[in-house]
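Written below as structure tokens is the structure these notes are about.
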Amino acid sequence: MPINVVTVNVNGVRAAFRKGMAEWLAESEADIIALQEVRADDKDLNELFAANPPKDGGQWHILHDAASAKGRAGVALISKVPASASRTTLGPDDFDSAGRWLEADYDFDGKTITVISTYVHSGEVDTPKQVEKYKFLEAMQARMADLIASGVNAVVVGDLNVGHTELDIKNWKGNLKNAGFLPEERAYFDTMMKQQGWVDVGRAAHPDVAGPYTWWSYRGQAFDTDAGWRIDYHLATPPLAATASNYKVHRAASYDTRWTDHSPVSVDYAI
């Protein structure tokens, strides 16, 4: 059976459950769920997922890395099977990546898949926020080089806060000088995919077409007019990407049924 991996920026997990995440989870086929912007503590996560177990029985196993600042960022991995190992180290010792990078190894029928939930800074041009974003992208790129060189089955998923190409943003011309679509940011993605060899599973599934977008601003008519950004990714090592199928963006049926400003993105991996 394939392993279904889902990523979603929940924009605060407690708010997401209040708005309808529990109903989505009850129907989900996910084996592993990567969360970003958890903005909660371990107790909150444990209680929410204990009250909403997998639909086929059992319990969820939770790994969580909170941000240094309370109520900010936070990444988690929720899975039907416990991880055999996990790591949060990224970049130099003096670099604060807490709440933004969580790796875990999962064993299925003698095969191991490494899943990384990551939340890249949103950034802001000409501010310290953008400097931190570049520091994170630099550390991420270095770690991804190590992962792909090791030959493991790995997938980096999450809200990467960069539209890689013009196909990834509806209004790309209006965002050429904005964080999220700067040439310097997009160059990191060129390196990861064109030089290191990571496969953008979403783009491989939908070559040469706009989107499908995964994030829409709550402001204006962005959702209704599909003026979105594709910033939630599955980046897989080539052997793992070769097993990928059923890429899906779980877009809400309407604006008022959204439980986050992102959509869950799922892929089946037949490792």
How many of the residues in region 226-251 are in a loop (DSSP other than H, G, I, E, B) and either of a type in the set (Gly, Ala, Ser) or under 15 Å from Pro207 (Cα atoms) (or both)?
-> 4
In region 102-131, anything surrounded by 17 or more Cβ atoms within 10 Å (Cβ to Cβ) and over 17 Å from Thr237 (Cβ atoms) is listed as Leu102, Tyr119, Val120, His121, Gly123, Gln130
Among (1) surrounded by fewer than 21 Cβ atoms within 10 Å (Cβ to Cβ); (2) closer than 25 Å to Ile113 by Cα; (3) under 19 Å from the mean Cα position of the chain (by Cα); (4) of a type outside the set (Val, Ile, Thr), which single condition is Asp232 missing?
-> (1)
So which residues in region 167-220 are within 20 Å of Ser263 (Cβ to Cβ), in contact (Cβ under 8 Å) with a residue 40 or more places away in the chain and crowded, with 19+ Cβ neighbours inside 10 Å?
-> Asp168, Ile169, Lys170, Gly180, Val201, Gly202, Tyr213, Thr214, Trp215, Trp216
Determine whether region 123-139 contains at least one residue that is part of a helix (DSSP H, G or I) and either under 19 Å from Ser150 (Cβ atoms) or touching a Pro at 6+ places or on another chain (Cβ under 6 Å) (or both).
-> yes
When you scan region 14-36, how many residues do you find that are touching an Asp or Glu at 6+ places or on another chain (Cβ under 7 Å) and crowded, with 22+ Cβ neighbours inside 10 Å?
-> 1
When both residues are 6+ apart or on different chains and their Cβ atoms are under 7 Å apart, which pairs have a first residue that lies in region 20-37 and is farther than 16 Å from Ala270 by Cα and in contact (Cβ under 8 Å) with a residue 24 or more places away in the chain, and a second that is assigned to a helix (DSSP H, G or I) and among the polar types (S, T, N, Q)?
-> Gly20/Thr257
Checked region 83-105 for anything out of contact with any Asp or Glu (no Cβ under 8 Å at 6 or more places or on another chain) and part of a strand (DSSP E or B); matches are Glu103, Ala104, Asp105
Scan region 112-145 for residues that are farther than 12 Å from Phe95 by Cβ, among the small types (Gly, Ala, Ser) and more than 17 Å from the chain's Cα centre (by Cα) and report the count.
-> 1
Does at least one position in region 146-166 carry a residue that is surrounded by 18 or more Cβ atoms within 10 Å (Cβ to Cβ), part of a strand (DSSP E or B), of a type outside the set (A, V, I, L, M, F, W, C) and within 18 Å of the chain's Cα centre (by Cα)?
-> yes
Could you list, in sequence order, all residues of region 90-105 that are over 15 Å from Val8 (Cα atoms) and either of a type in the set (D, E, K, R) or in contact with a strand residue (DSSP E or B) (Cβ under 8 Å, 6 or more places away or on another chain) (or both)?
-> Leu90, Asp93, Asp94, Asp96, Ala98, Glu103, Ala104, Asp105
Of the residues in region 38-92 that are more than 30 Å from Tyr134 (Cβ to Cβ), over 19 Å from the mean Cα position of the chain (by Cα) and of a type in the set (Lys, Arg), the one that is surrounded by the fewest Cβ atoms within 10 Å (Cβ to Cβ) is Lys43
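Laboratory data are not the source of any read-out in this text; all were calculated from the coordinates shown. Source: prediction; values computed, not measured. Quick reminder, even Gly has a Cβ in these numbers, built from the backbone with ideal geometry, and neighbours come from all protein chains shown.
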